[in-house]
Structure formats: structure tokens, C-alpha cells
Amino acid sequence: MLFSETGLPKKLCEYLEEICSNEELKDAFYCSDIEILEPESIEDLMEDESLWLEPGEANYEMKPFAISADGGTWVVLNDEYIGHIDSEGGCGIVARNVDEFMNMVAVCKILFFRVQDLKDEQGFRKYLAESLKEFENPAVYDSFIEKT
């Protein structure tokens with residue numbers, strides 16, 4: 001199955017195909033806490049929202065495309081915005097569109113920080129330095145940045 005068969009927006013599908021066809025790039029996204037789901041898994045989650053979403057009311061149509069280490073889900077909202085729903089029920093819009101999201105990930109390398117790491121500049125710098133050490137090849141984003 002291809003991403004284009006999942007019902008996700010075309011532009012997002014193109015990015016996911018590119019990321020998943022390059023193991024280094026896929027690993028780099030994984031290090032940024034974005035594990036791209038296989039198309040079959042996306043389809044399963046879209047068919048049964050109870051697998052990833054608590055019962056309730058939403059203002060957006062949500063389609064999952066990746067998961068995070070905390071058990072959260074990366075989603076596209078109304079085929080436009082990119083959001084994140086964490087395992088504790090917290091959620092928010094991360095980017096206005098998929099291009100903005102991909103730029104944020106590619107340029108920043110690390111998308112989310114724990115709240116305790118943002119309390120002071122020293123803690124933030126330490127966390128950022130340690131996080132960037134995880135990348136074996138941070139240059140893998142360079143060609144991806146040019147396309148986004």
C-alpha cells in the first residue's frame with residue numbers, strides 16, 4: 001500500500017514517501033520523535049479512532065500519520081494544520097501546514113522539549129546539546145531542507 005491510498009493530503013503523502021524511501025532521513029525523523037507509520041497502520045487508525053483517540057468532541061477532522069515516543073500521535077487537521085496529541089490528552093497545533101511542519105523539523109532537528117528543560121537557559125542548552133549528539137548524520141536534513 002502507498003501513502004497516497006491512505007486518504008492523507010497529497011503533499012503530506014509526498015513527504016512521507018520521500019522520508020520512508022531514505023533510511024537515514026527516516027532515522028533522523030525518528031530521532032526528532034516522529035516515527036512515521038506504515039500506510040496500513042494509518043488506514044487502521046483512521047478506521048478505528050479508539051486506538052489512538054479518547055472519546056470526545058473535536059473541532060477538526062483528524063488523520064494520524066506518525067507517533068511519538070510518549071505514546072502521542074502526530075495528526076493532520078482538516079487536511080491542513082499539523083497537530084500533536086500526547087498520551088495524557090494534551091494537544092495542540094504545531095504548524096499551519098505540512099511545509100511549515102517539515103521546515104521546523106528539518107531546521108530545528110528536535111521538535112519538542114520537556115517543560116523542565118525550558119525553565120532556564122542553561123538547562124535548555126544542555127538538553128539541546130545532548131539531543132543533537134543522538135544524530136549520527138545531522139547533514140541528512142540538508143537536501144531535505146532545500147526541497148521544503
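Starting from the amide H of N97, placed 1.01 Å from N in the peptide plane, find each other amide H under 5 Å away whose residue is 5 or more places distant or on another chain.
Here I82 satisfy the definition.
Once both labels are modelled 7 Å past Cα along the beta-carbon direction, what's the A58-E80 spacing in nm?
The answer from the label model is 1.7 nm.
For K11, K126, K26, K63, give the ranking by accessible area with the largest first, probe 1.4 Å.
Numbers: K11 95, K126 130, K26 50, K63 20 Å².
Solvent-accessible surface, decreasing: K126, K11, K26, K63.
So which chymotrypsin sites (Phe, Trp or Tyr not before Pro) in region 1-104 are both in a DSSP loop and have at most 12 other Cβ atoms within 10 Å of their Cβ?
Listed in order of number, the matching sites amount to none.
Between E121 and D70, what FRET efficiency follows from the Cβ-Cβ distance if R0 is 35 Å, with the result rounded to 0.05? Numbers along the way, then the final one.
On the way: r = 24 Å, r/R0 = 0.70.
So the FRET efficiency works out to roughly 0.90.
Rg/Rh for region 1-70: what does it come to with C-alpha atoms and Rh from Kirkwood? Walk me through the numbers before you get to the answer.
Numbers: Rg = 12.6 Å, Rh = 12.9 Å.
Result: Rg/Rh = 0.98.
The values are calculated or read from the model by the stated rules, or taken from the named source; none is laboratory data. No experiment lies behind these values; they were computed from the predicted model shown. Quick reminder, even Gly has a Cβ in these numbers, built from the backbone with ideal geometry, and neighbours come from all protein chains shown. We work out accessible area using only protein heavy atoms, side chains counted, and drop any ligands, DNA or RNA first. Shrake-Rupley method; radii C 1.70, N 1.55, O 1.52, S 1.80 Å.
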